[in-house]
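Below: the structure, in structure tokens.
The values are calculated or read from the model by the stated rules, or taken from the named source; none is laboratory data. On a predicted model such as this, the values are computed, not experimentally measured, just so you know. All Cβ positions, even for glycine, are placed from backbone atoms using ideal geometry, and neighbour counts span all protein chains on display. Just so you know, the surface numbers come from the protein's heavy atoms only, side chains and all, with ligands and any DNA or RNA stripped out. Shrake-Rupley method; radii C 1.70, N 1.55, O 1.52, S 1.80 Å.
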Amino acid sequence: MKTIIEPFKIKTVEPIKFTTKEEREKILKDAGYNPFLINAEDVIIDLLTDSGTSAMSSEQWSGIMKGDESYAGAKSFFRFESAVKEITGNKYVIPTHQGRAAEKILFSILGGEGKYFISNTFFDTTRANIEFTGAEAVDLLCPEGKKPEVVAPFKGNLDVEKLKAFIEEKGKENIPLVMMTITNNSGGGQPVSLENIKQVRKVCDRYGIPLFFDACRFAENAYFIKKREEGYSNKSVREIVKEIFSYADGTTMSAKKDALVNIGGWLSMNDDNLAMQCRNLLIVTEGFPTYGGLAGRDLEAIAQGLEEVLDENYLRYRIRSAEYLGEKLTAAGVPIIEPPGGHAIYIDAKRFLPDIPPEQYPGQSIVCELYLEGGIRSVEIGSVMFGKYDKKTGRLIPAMMELVRLAIPRRVYTQSHIDYVAEVVIETFKKRDKLKGYKITYEAPVLRHFTARFEPVI
């Protein structure tokens with residue numbers, strides 16, 4: 001059949017509060033024109049993030065009731081550990097309350113002044129945890145990944161030749177690890193090919209540098225490999241996932257994405273000494289190594305979610321949902337990153353609003369207008385999130401791309417919700433000539449996009 005239906009039935013519903021445009025104008029102004037500062041109940045469709053916003057299954061809720069809340073050695077930990085080891089093959093599994101906690105532990109140990117960490121593209125919290133130690137986060141995205149309008153199957157790939165050149169320039173002793181983000185969130189949710197992973201692995205082996213994955217959306221990446229990479233169409237997603245992780249020395253994971261839960265994560269690795277250091281820091285900051293800041297019920301839900309996310313019926317529906325929204329937008333002329341990624345649609349704000357310069361944050365303008373037009377909450381991924389200031393002149397150094405992300409929560413919205421999103425985006429695009437830029441009136445020194453406040457440029 002041509003129609004791909006949701007591979008689940010709905011048992012429980014949560015009502016949506018509807019607001020008028022006049023109400024939303026006041027709400028947005030009171031929030032400093034920052035969607036992070038809007039109360040969730042005042043949002044009609046929430047596409048701010050796909051992190052921790054999934055709907056859990058009946059089996060996950062059942063597992064929650066079985067959670068072992070013992071402080072040490074809980075059976076729920078061992079089920080969680082077994083599920084993670086089955087997928088990653090890593091020797092050591094350290095639970096954390098979310099992905100950024102795993103990043104904080106890892107980079108606190110390996111980072112420091114004069115160190116460099118390399119990725120296809122680091123996301124915001126990963127970059128912040130690296131830079132907090134005094135180290136530098138370096139993105140080496142493939143050329144096609146920097147061009148939203150170019151259609152290519154694996155635009156999340158790391159540029160292997162630039163990787164070799166950077167290592168030769170800076171010295172392997174100054175590069176504690178290479179980290180590949182799968183899928184590449186900042187680059188439009190674009191997948192990484194297994195061939196690219198293999199090539200990066202060879203370079204890391206040549207120079208003796210560990211390779212880690214930021215594995216938040218590993219299952220979505222594996223599904224893209226199955227559909228797009230030669231030689232993998234007859235392999236199961238589970239088989240592809242195991243091959244992916246076979247090339248890694250460790251992973252950081254926000255289970256709030258592809259483990260289909262609302263909280264949780266892990267740090268896994270094979271190195272005995274590094275694992276010992278990470279566990280010691282875990283005890284200081286998160287908790288005992290068999291719970292790591294999580295309740296036993298959370299560990300149970302993660303273990304079950306890791307089983308469910310490998311269901312190819314689910315992944316087919318999940319990827320198709322994003323494609324469906326992308327097709328509706330491109331048919332109306334809305335510029336997006338093509339082809340659509342796995343977890344979100346990324347509007348290309350530079351082409352959407354070519355007359356608004358980066359220093360007036362075109363992505364933020366679109367984000368605000370989508371909320372005003374239809375109560376949709378989205379997020380800017382451009383010069384608000386990743387822009388920096390020149391230390392000498394104080395002028396903005398723009399981000400590589402100016403994007404707006406419409407992140408789709410897992411198993412939450414139906415096709416009619418997505419049709420509504422498309423309608424709102426298209427209506428906003430039709431009146432794009434009326435949109436204005438924004439200026440920042442308050443910003444924090446780190447991760448400013450979470451708490452910044454804005455005003456329209458008059």
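General remarks:
- Alpha-carbon centroids, segment 286-300 and segment 95-138: separation in whole Å: 22
- Alpha-carbon Debye profile of segment 169-216, log10 I(q)/I(0) at 0.17, 0.20, 0.23 Å⁻¹: -0.54, -0.71, -0.86
- P(r) tail fraction, segment 1-55 - alpha-carbon pairs more than 16 Å apart, %: 58
- Inter-site label distance for Thr12 and Glu131 at 7 Å from Cα along Cβ, in nm: 3.9
- In this structure, the pairs whose alpha-carbon distance is over 20 Å, taken from Lys147/Lys392; Lys2/Lys227; Lys147/Lys434; Lys155/Lys431; Lys328/Lys430; Lys164/Lys198, are Lys147/Lys392; Lys147/Lys434; Lys155/Lys431.
- A viscosity of 1.567 mPa s and a temperature of 4 °C, combined with the Kirkwood radius over C-alpha pairs in the Stokes-Einstein formula, give segment 331-373 a diffusion coefficient of 115 µm²/s.
- In segment 49-109, trypsin sites (Lys or Arg not before Pro) in a DSSP loop with at most 15 other beta-carbon atoms within 10 Å: Lys66, Lys91
- Shape category assigned to segment 395-458 from the gyration tensor of Cα positions, a/c cut at 1.5: oblate
- Only alpha carbons enter this Debye calculation for segment 263-306, each as an equal point scatterer, and the log10 of I(q)/I(0) it gives at q = 0.18, 0.22, 0.23 Å⁻¹ is -0.56, -0.78, -0.82.
- √(5λ) per eigenvalue of the Cα gyration tensor, segment 304-403, largest first, Å: 30, 18, 12
- Projecting the Cα positions of Gly52, Leu28, Ser76 onto the charge dipole of segment 25-125 (unit charges on Cβ atoms of Lys, Arg, Asp and Glu, taken about the Cα centre) puts Ser76 furthest along the positive direction.
- Scaled against 2.2 N^0.38 Å for its residue count N, the alpha carbon radius of gyration of segment 215-368 is 1.31.
- Cα pair distances exceeding 36 angstrom across the chain, given as percent: 26
- Each residue was assigned an accessible area with a 1.4 Å probe, and for Phe212 the value is about 10 Å².
- For segment 163-172, 3J(HN,Hα) per residue [Karplus equation, 6.51 cos²θ - 1.76 cosθ + 1.60, θ = phi - 60°, Hz, x = Gly/Pro]: 4, 4, 5, 5, 4, 5, 5, 8, x, 4
- Translational D in µm²/s for segment 356-443 (Stokes-Einstein at 4 °C, 1.567 mPa s, Kirkwood Rh from C-alpha pairs): 91
- Of the peptides 344-357, 427-440, the order by per-residue mean of other Cβ atoms within 10 Å, starting with the highest, comes out as 344-357, 427-440.
- Highest to lowest packing among 192-199, 365-372, 279-286, scored as the average C-beta count within 10 Å: 365-372, 192-199, 279-286
- Heavy-atom accessible area order for Asp419, Asp205, largest first, 1.4 Å probe: Asp205, Asp419
- DSSP beta bridges fully contained in the chain are about 65 percent antiparallel.
- Averaged over residues, the count of other Cβ atoms within 10 Å places the peptides 176-184, 289-297 in the sequence 176-184, 289-297, highest first.
- The reciprocal of the average 1/r between distinct C-alpha atoms defines the Kirkwood hydrodynamic radius, which for segment 5-160 equals 20.5 Å.
- Summarised in one figure, the compactness ratio Rg/Rh of segment 209-254, Cα atoms and Kirkwood Rh, is 0.99.
- When His343, His417 are compared by accessible area at a 1.4 angstrom probe, the order from most to least is His417, His343.
- The accessible surface of the chain, taken with every protein chain in place and a 1.4 Å probe, is 51 percent carbon and sulfur.
- Put simply, the C-alpha atoms of segment 282-361 give a gyration tensor, and the ellipsoid matching it has half-axes of 38, 22, 7 Å, longest first.
- Each Lys and Arg adds +1 at its Cβ and each Asp and Glu adds -1 at its Cβ; summed about the Cα centre, segment 281-320 shows a dipole of about 180 debye.
- Segment 1-82: GluC sites (Glu not before Pro) in DSSP loop, at most 13 other beta carbons within 10 Å: Glu69
- Selection among Val203, Gln190, Val178 by position relative to the dipole of segment 143-274 gives Gln190 as farthest towards the positive end (Cβ unit charges, Cα centre).
- Gyration tensor (alpha-carbon) shape descriptor, segment 127-208, a/c threshold 1.5: oblate
- Cα-based convex hull volume of segment 149-259 per residue, rounded to whole Å³: 108
- Around the Cα centre of the chain, unit charges on the Cβ atoms of Lys, Arg, Asp and Glu (plus for the first two, minus for the last two) sum to a dipole of about 260 debye.
- Over all pairs of different C-alpha atoms in segment 1-94, the reciprocal of the mean inverse distance, the Kirkwood hydrodynamic radius, equals 18.0 Å.
- The modelled label-to-label distance for the pair Val446/Tyr207, using points 7 Å beyond Cα in the direction of Cβ, is 2.6 nm.
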